[in-house]
Structures are given as C-alpha cells and as structure tokens.
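Please see the structure below; I have some questions.
Where a number appears in this text, it was derived from the coordinates with a stated rule and is not lab data. Note that the structure is a prediction, hence the values are computed from the model and not measured. Heads up, the Cβs are rebuilt from the backbone with ideal geometry, glycines too, and the neighbour counts pull from every protein chain shown.
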Amino acid sequence: MCVEPAEPPSSRLTRRGVLAASAVLAGTATALGSGASTASAASTTPRRPAAAPRAGDLVVDGGTLLDPATGEVTEDAVVVIRDGVVRAAGARGRVDVPKDVPRLAAHGRWVLPGLVDAHIHLNTATEALDAVRKGATSARSGSTNFYQDIAVRELARQAPELAPRLKAAGIFVTPDLGDTVLGDPDLTPLARLKGGVRSAEALRRVVEVNLKRGADVIKTRVNPRAGLAEQDPLEQVYSREQLSEIVAAAGRGGKGVLCHSYSEKGCHDAVLAGIHSLEHGAFVGERTLAEMRRRGTFFTPTLGAIAGMIGSDDPVLDERGRTYLPLLKKAALAAHEMGVPLAAGTDSSGGTVDPIGGEVELMHSAGLSALDAIRTATTGAAKLLGLEGTVGRLARGSAGDVLLVDGDPLDDVSVLKKPVGVVRSGIAI
C-alpha cells in the first residue's frame with residue numbers, strides 16, 4: 001500500500017489476476033454503494049485503477065489507549081493519523097494535534113489497534129467489508145476457490161476502507177481440487193490425474209500457479225475437514241515427504257506454508273516438513289509443540305470454528321465440537337506456556353464473518369491472560385503475517401487502523417466482539 005508503511009501493490013498483476021478479480025468484484029455493488037459494471041474486470045487487458053489509493057487524515061480524540069506490546073494504558077489519549085499512517089499517539093498535552101484534521105471523539109471508550117484475523121476465507125467484497133466492520137483491519141487468507149482473495153487484497157490496496165489488509169493464499173493445495181481446477185488454465189491438466197494432486201510434479205504445479213498469481217502464502221492440508229461429518233479429520237492425506245515438497249516449492253518463491261491439521265502425527269509431520277504455521281491442531285502433542293517452539297512455528301488454533309460445531313443438527317459434528325474444543329483449548333494454553341507463538345483466526349467462511357474478538361475471548365477462556373489473548377490478534381498475529389511495525393500497535397509509523405470499544409478489554413475481552421468504531425487507514429468506517 002503506497003499510503004501505508006507496507007509493500008506497494010504487486011507489479012505482477014496478470015491477465016489471470018484480472019480475471020480472478022472479476023469473481024469477487026462482481027458482487028461489490030452493495031459494498032461499494034454503486035452499480036459500477038464489472039465488465040472491465042473481465043477484460044483480457046490488465047489495467048490499473050485510474051484513481052490513486054486513498055487514505056485518511058484523522059485525530060482519534062480522547063479515550064483510553066492500550067498498547068498490546070507493552071500493556072501500557074494511557075488515559076485521555078490522542079492518536080494522530082496522516083495519510084493513513086499514525087504520526088503520533090500518547091497522552092493529551094504530549095502530542096501535537098493539528099487543527100485542520102477531522103476528529104473522532106473517543107471519550108469514555110477504549111482505543112486499540114485494529115485486530116488481525118490470521119485465518120479467514122474472504123470470497124466477496126461484502127464479506128471483506130463485514131470483516132473490517134467487525135474489527136479485522138488486517139487478515140491472512142486461508143485460501144479461496146478461484147483466487148478471490150487476491151482480488152480482495154488488491155481492493156484493499158485501492159480502497160482500504162472496504163477490505164482488510166490481506167495476505168492472500170490463493171487456492172488450497174489438496175489432493176482433490178474439485179472445481180478449483182477451473183481457477184486457472186494452467187491447473188486444468190491436473191484434472192486428468194486419477195489419484196489427485198499427490199505426485200511431486202502435481203504438488204509443485206499447484207504451488208507454482210499460486211505463486212504466478214501473486215499468492216503471499218501457500219495453504220495445504222495434512223488431514224481432512226472436521227466440519228464435514230462424512231470426512232475423518234484424523235486421516236492423513238499427505239505424507240511428510242509430500243508436505244516437504246510443498247514447503248520447498250513455496251520456499252523457492254520466498255513464501256511460507258500454513259497447514260490444516262488435526263491428528264498428532266499429521267501435526268508432527270507438517271512441522272518437521274517446515275511449515276510456517278499450524279492451523280486447527282486439536283490433537284497436537286507436547287513433542288510437536290516443543291518442535292514448534294524450537295523452529296518458531298506459529299499455532300493458529302481457530303477455536304471459534306471448533307466451538308461452532310457444538311449444537312449442530314448433525315450429531316457427528318456436535319460430538320466432534322464437544323470433544324475437540326476442550327482438547328484444543330488445552331493445546332492452545334500449553335503452546336502459550338511453552339513459548340509457541342499464537343495467532344488468532346476465526347476460519348470464517350461460507351458468507352458468514354465471525355468477529356475476531358470472539359476468538360480473542362476464546363483464547364482468554366483457554367487460560368491466557370486478557371492481555372496475552374489480545375496479543376494473539378495484534379502483535380502476535382502481526383508477526384505471523386510479517387507485518388510487525390505496521391499493524392498490532394498504535395505507534396508512530398504504524399498503520400492508522402483503530403478499534404474503539406465500550407469497556408475495558410483487560411477486564412472484559414468480550415467487548416472486542418462488538419466494536420463501536422473502526423478506523424481503517426485513517427478512514428472511519
């Protein structure tokens with residue numbers, strides 16, 4: 001983003017990237033508040049938007065400022081944002097407040113940096129805007145079927161108030177691509193593989209297509225989904241050697257890998273293969289957590305996604321949720337106590353965006369202190385996304401993303417689920 005202390009928009013936007021953008025922008029009329037045609041998005045000629053990305057100038061006036069990095073609390077604070085970037089933040093009287101900048105009154109409220117959702121599936125612009133409104137001003141994609149997340153990332157760069165700053169994963173590296181094989185012409189030869197995407201060549205192909213499309217990270221799996229009753233989430237679908245092939249291919253492009261995992265063996269194989277972050281991980285064991293700590297592998301437990309299965313009309317899913325959630329909470333706490341870096345992620349998908357504050361609340365219920373739980377969606381998640389110094393704090397030079405809440409989150413983290421105000425890149429939403 002040229003208006004934020006982050007990398008500029010990718011210069012590798014290709015014809016395929018523009019075609020992918022049409023899939024997400026086709027439904028943006030509601031989010032954009034206009035009836036703009038998407039015909040240009042489907043053009044075979046790549047075009048840059050005519051308008052420059054816009055960011056805001058804003059003073060967040062008053063309120064109690066929380067710095068998640070230090071735990072410091074500053075009453076009657078002022079945050080000055082210029083061109084979408086924080087220029088100053090601190091106690092009134094110690095901050096030079098420009099007179100010509102709009103003000104957002106925050107008196108009686110707590111002021112925090114915008115939160116980070118480290119695992120979310122954003123398929124439309126409406127979902128992207130909903131995520132921002134619910135507090136996630138930055139996010140990491142857990143993959144999409146047809147590269148919608150790459151288009152959402154570009155939307156966020158051009159109109160930051162409409163979408164979270166996003167690290168895109170492209171399509172899932174999984175044995176059965178299904179209709180995703182239509183996401184790019186270079187994937188279609190894989191449809192002829194009777195055994196699915198399993199050979200070293202096929203695994204490399206999917207990773208390489210993702211890299212060509214501009215993916216920031218690569219998403220794969222070692223186990224099936226827990227949220228589908230007909231699948232066994234403890235079955236292992238990729239070996240350590242296959243996972244290593246994916247990690248190596250991603251590494252050649254300078255990218256890390258996030259891995260959907262449940263079983264202890266699957267988690268262990270994924271970590272030894274060199275993944276950057278372990279997702280879900282209900283049955284992750286102490287030996288694997290120790291290896292994660294040694295390697296600096298992140299853990300994104302997505303507690304809310306597991307909790308969401310409880311009460312399902314399907315008895316299999318209900319039982320899974322009731323069995324997995326306490327195990328996952330125990331694993332998250334054990335990881336934290338061992339020094340494994342944690343990141344909060346909702347795993348939202350299917351048109352429903354869960355507030356990232358709910359994941360923070362579940363982290364706290366697992367045994368983390370309120371401040372440490374908040375860090376999983378601020379400084380911790382920022383480090384996972386490679387955005388340290390940009391997001392996760394409100395300090396000079398950081399992104400002008402702000403969350404306003406009614407109440408002290410150190411006393412009641414549930415206030416993060418219902419922000420009363422959100423600022424994205426200096427623009428009040």
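Suppose we filter Val405, Val391 for residues that are closer than 27 Å to Leu278 by Cβ, among the β-branched types (Val, Ile, Thr) and out of contact with any Asp or Glu (no Cβ under 6 Å at 6 or more places or on another chain); which single one remains?
Testing whether each residue is closer than 27 Å to Leu278 by Cβ, among the β-branched types (Val, Ile, Thr) and out of contact with any Asp or Glu (no Cβ under 6 Å at 6 or more places or on another chain) leaves just Val391.
Let me ask another. Restricting attention to segment 252-276, which residues are surrounded by fewer than 24 Cβ atoms within 10 Å (Cβ to Cβ) and of a type outside the set (A, V, I, L, M, F, W, C)?
Passing the criteria: Arg252, Gly253, Gly254, Lys255, Gly256, Ser263, Glu264, Lys265, His268, Asp269, Gly274, His276.
Among all residue pairs at least 6 apart or on different chains, which show Cβ distances below 6 Å where the first residue, located in segment 328-339, is in contact (Cβ under 8 Å) with a residue 12 or more places away in the chain and within 19 Å of His268 (Cβ to Cβ) and the second is basic (Lys, Arg) and part of a helix (DSSP H, G or I)?
Taking only residues 6 or more apart or on different chains, the pairs are Met338/Arg293; Gly339/Arg293.
Now for a separate question. Under 8 Å by Cβ, and 6 or more places apart or on different chains, what pairs join a residue from segment 147-173 that is touching a residue at least 24 places away in the same chain (Cβ under 8 Å) and among the aromatic types (Phe, Trp, Tyr) with one that is surrounded by 24 or more Cβ atoms within 10 Å (Cβ to Cβ) and assigned to a helix (DSSP H, G or I)?
Every condition considered, the pairs that remain are Tyr147/Ala20; Tyr147/Gly183.
Looking only at residues in segment 160-192 that are assigned to a loop (DSSP other than H, G, I, E, B) and β-branched (Val, Ile, Thr), which one is nearest to Gly256 (Cα to Cα)?
Looking at the filtered set, the residue picked out is Ile171.
Kindly indicate whether Ala332 is in contact with a helix residue (DSSP H, G or I) (Cβ under 7 Å, 6 or more places away or on another chain), surrounded by 21 or more Cβ atoms within 10 Å (Cβ to Cβ) and under 20 Å from Val116 (Cα atoms).
yes
Would you check if there is a residue in segment 196-215 being without any contact (Cβ under 8 Å) to a residue 12 or more places away in the chain and either of a type in the set (Gly, Ala, Ser) or closer than 30 Å to Asp318 by Cβ (or both)?
Checking segment 196-215: at least one residue is without any contact (Cβ under 8 Å) to a residue 12 or more places away in the chain and either of a type in the set (Gly, Ala, Ser) or closer than 30 Å to Asp318 by Cβ (or both).
Here's the yes/no breakdown for (1) over 29 Å from Val415 (Cα atoms); (2) hydroxyl-bearing (Ser, Thr, Tyr):
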{"site": "Arg94", "(1), (2)": "no, no"}
{"site": "Gly108", "(1), (2)": "no, no"}
{"site": "Thr137", "(1), (2)": "no, yes"}
{"site": "Pro185", "(1), (2)": "yes, no"}
